[in-house]
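K.L.:
Please read through the structure below; I'll follow up with questions.
The values are calculated or read from the model by the stated rules, or taken from the named source; none is laboratory data. Since the structure is predicted, the reported quantities are computational estimates derived from the model, not experimental observations. FYI the Cβ positions are ideal-geometry reconstructions off the backbone, even for glycines, and counts take in every protein chain you see.
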């Protein structure tokens, strides 16, 4: 089981991702500046069934205009996936968008480059293609291109 906590104080979003129980914890802390000052605070938690991210993207976080599970005050989307070694996954990147991908566990070929646990990269101007070399757990942050 995965628990995602969010704290939005009108100044920044603070997102925690962790497992419950006696399992090893992988904590990802991400700060995202809101689109405006003085917004109403938001607090919450969401528990996700691991099957919802098995061999597909699970949309964790996004603006109010998206289908994400947790809304935030910014045009940013966060996705997670756990891919089996024999699967592959793509993410179509829209024009004027970019993304950051992080390998949380495992090893994968991402757009022709080999990535291992802890590696991350920025992707722009092309779609993302993930071909696992082992079972792999990925985090994706998609956002507008900033000049």
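K.L.:
Across the range 54-83, what is the number of residues that are without any contact (Cβ under 8 Å) to a residue 60 or more places away in the chain, assigned to a loop (DSSP other than H, G, I, E, B) and in contact with a strand residue (DSSP E or B) (Cβ under 7 Å, 6 or more places away or on another chain)?
P.N.:
Quick first cut of the range 54-83, residues without any contact (Cβ under 8 Å) to a residue 60 or more places away in the chain only: 54-56, 58-68, 71, 81-83.
Among the residues that remain, those that are also assigned to a loop (DSSP other than H, G, I, E, B) are: 55-56, 64-68.
Cutting the leftovers down to in contact with a strand residue (DSSP E or B) (Cβ under 7 Å, 6 or more places away or on another chain) gives us 55-56, 64, 66-68.
Adding up the residues that qualify gives 6.
K.L.:
Ok, one more. Taking into account only those residues within the range 18-41 that are modelled with pLDDT under 75 and farther than 20 Å from residue 138 by Cβ, which is nearest to the chain's Cα centre (by Cα)?
P.N.:
Here the residue is 20.
K.L.:
Could you tell me which residue of the range 101-116 is surrounded by the most Cβ atoms within 10 Å (Cβ to Cβ), considering only residues that are part of a loop (DSSP other than H, G, I, E, B) and either at pLDDT below 95 or in contact with a strand residue (DSSP E or B) (Cβ under 7 Å, 6 or more places away or on another chain) (or both)?
P.N.:
Here is the first cut: in the range 101-116, the ones part of a loop (DSSP other than H, G, I, E, B) are 106, 111-112.
Subsequent filtering for residues that are either at pLDDT below 95 or in contact with a strand residue (DSSP E or B) (Cβ under 7 Å, 6 or more places away or on another chain) (or both) retains 106, 111.
Values: 106: 18, 111: 14.
That would be 106.
K.L.:
So, in the range 131-147, of the ones that are within 23 Å of residue 68 (Cβ to Cβ) and surrounded by 14 or more Cβ atoms within 10 Å (Cβ to Cβ), which residue ends up farthest from the chain's Cα centre (by Cα)? Step through it out loud before you land on a result.
P.N.:
Let us first name the residues in the range 131-147 that are within 23 Å of residue 68 (Cβ to Cβ), namely 136-146.
With surrounded by 14 or more Cβ atoms within 10 Å (Cβ to Cβ) added as a condition, the list becomes 136-143.
Working: 136: 14, 137: 10, 138: 7, 139: 4, 140: 4, 141: 5, 142: 8, 143: 11 Å.
Here the residue is 136.
K.L.:
Restricting to the range 117-130, and then to whatever is surrounded by fewer than 18 Cβ atoms within 10 Å (Cβ to Cβ) and part of a strand (DSSP E or B), can you tell me which residue is modelled with the highest pLDDT? I'd like the intermediate steps shown before the answer.
P.N.:
Restricting attention to the range 117-130, the residues satisfying the condition of being surrounded by fewer than 18 Cβ atoms within 10 Å (Cβ to Cβ) are 117-122, 124-127, 129.
Add one more test, that the residue is part of a strand (DSSP E or B), and what stays is 120-122, 124, 129.
Working: 120: 94, 121: 94, 122: 94, 124: 94, 129: 97.
Once the filter is applied, the top-ranked residue is 129.
K.L.:
Further, regarding this structure: Would you pick out the residues in the range 87-100 that are in contact (Cβ under 8 Å) with a residue 24 or more places away in the chain and part of a loop (DSSP other than H, G, I, E, B)?
P.N.:
Looking only at the range 87-100, we keep the residues that are in contact (Cβ under 8 Å) with a residue 24 or more places away in the chain, and these are 87-93, 96-100.
Within the range 87-100, 87, 88, 92, 93, 96 meet the criteria.
K.L.:
Being in contact (Cβ under 8 Å) with a residue 24 or more places away in the chain and under 21 Å from residue 53 (Cα atoms), is that true of even one residue in the range 109-118? So that I can check it myself, show each step before the final result.
P.N.:
From the range 109-118, those in contact (Cβ under 8 Å) with a residue 24 or more places away in the chain are 109; that's our starting set.
Subset that is under 21 Å from residue 53 (Cα atoms): 109.
Within the range 109-118 (the criterion being in contact (Cβ under 8 Å) with a residue 24 or more places away in the chain and under 21 Å from residue 53 (Cα atoms)), the answer is yes, since at least one residue qualifies.
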